[in-house]
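Colleague: Can you read through this structure? Questions will come right after.
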Amino acid sequence: MNPAYPGLAAAALYLIGALLQTTTLVRKLAVRRDRLLLITTAAVVLHAVTEYLVVNQPAGFGLGAASVVSLIALTLAVFVLVVTLWQPLENLFVVILPLGALAVIGSVFGHQTIAPRSEFGEGLLGHILISIVAYTVLAMAAVQSVMLALQERSLRHRGTLRWVRLLPPLQTMETMLFQLLWLGLVALSLSIGSGFLFLGDMFAASVVSHTILASASWITFAVLLAGRYAFGWRSTLATRATLVGFLLLVLAYFASRFVLELVLGRA
């Protein structure tokens, strides 16, 4: 199947959902949750089908920048969709859905780097996908922590930032932050563990910086969550620790040229 067909359909549904939610906010109408969730679910399913067709090429795996970005957007949309089933996060769709539309279109029509199947050892593709999920979830946590800090500051100083009113309640935002951190820590644990299983020597010169920084990031998030459980850590401390952990992760993936070293197998 041509990935353009489900890709364009997914983009259209994403944009329809974003338009419906934007109209709801502008006109201050009651949220039609069932309709919005149905449209978003259909868009996410079509997006997933598109990514399968784009990545799983006859000549190898299409894991270029466009498809990686699209996988990140898909992970983001899935998480927000699932959490919205029990928390009032519909307003986030105004941002999330257009990003999903742009990402899936870019994946379909953007330039793709095809990595031959012979370059992928056993389990390597799974490791790459898990790493993408971990990076995405923890990036969401970092953004969430900044939004939480700004929201808390605005409320404390009785600020009038209009966008703050569109956010869920402060308690919901904080709960979502720690849900993201738990999910991200699990994904990061699987990423690091699968790296040791399938990538051989994780302390080789070409990847040692990646290993050390990713492990430091894991420790930062683990200590934060342990402190949350044992001492009730929250607010400013949680925001700072989340940003430090994510910065370490960015350095691990970016400084060690994650795509070149782990996806394409090039130094």
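The values are calculated or read from the model by the stated rules, or taken from the named source; none is laboratory data. Since we're looking at a predicted model, the values are computed, not measured. Every residue, glycine as well, gets a Cβ built from its backbone with ideal geometry; the counts of neighbours run over all protein chains shown. Heads up: the accessible areas ignore ligands, DNA and RNA and are worked out on the full protein's heavy atoms, side chains in. Shrake-Rupley method; radii C 1.70, N 1.55, O 1.52, S 1.80 Å.
Colleague: If you take the Cα Rg of the range 1-79 and divide it by 2.2 N^0.38 Å, with N the number of residues, what do you get?
Modeller: Compactness ratio reported: 1.26.
Colleague: Okay, moving on. Taking only Cα atoms and a 10 Å spring cutoff, compute GNM fluctuations for the chain and point out the largest among L155, L180, L13.
Modeller: In the Gaussian network model the winner is L155.
Colleague: Taking only the Cα atoms of the chain, how large is their convex hull per residue, in Å³?
Modeller: Dividing the Cα hull volume of the chain by its residues yields 127 Å³.
Colleague: Using a probe radius of 1.4 Å on heavy atoms only, what accessible surface per residue do you get for the range 1-59? Whole Å² is fine.
Modeller: 58
Colleague: At a 1.4 Å probe, what is the % contribution of carbon and sulfur to the accessible area of the chain?
Modeller: Taking all protein chains in place, the chain shows 70 percent carbon and sulfur surface.
Colleague: Ordering H210, H111 by accessible area with a probe of 1.4 Å, largest first, what comes out? Numbers along the way, then the final one.
Modeller: Details: H210 15, H111 155 Å².
Largest accessible area first, the residues go H111, H210.
Colleague: At most 10 other Cβ atoms within 10 Å plus a DSSP loop assignment makes a site exposed; report the longest stretch of the chain without any exposed trypsin sites (Lys or Arg not before Pro).
Modeller: That would be 29-157.
Colleague: What is the pair-distance distribution P(r) of the range 6-144, computed from all Cα-Cα distances in 10 Å bins starting at 0, with each bin given as a whole percent?
Modeller: That works out to 12, 40, 31, 12, 3, 0, in percent per bin.
Colleague: In the chain, which longest range has no chymotrypsin sites (Phe, Trp or Tyr not before Pro) that are both DSSP loop (not H, G, I, E or B) and surrounded by at most 16 other Cβ atoms within 10 Å?
Modeller: With chymotrypsin sites (Phe, Trp or Tyr not before Pro) excluded where exposed in loops, the chain gives 87-202 as its longest stretch.
Colleague: So for the range 10-54, what percent of the C-alpha to C-alpha distances run longer than 18 Å?
Modeller: Details: 333 of 990 pairs.
Percentage above 18 Å: 34.
Colleague: Per residue, how much accessible surface does the range 88-144 expose to a 1.4 Å probe? Answer in Å², no decimals.
Modeller: Dividing the accessible area of the range 88-144 by its residue count gives 41 Å².
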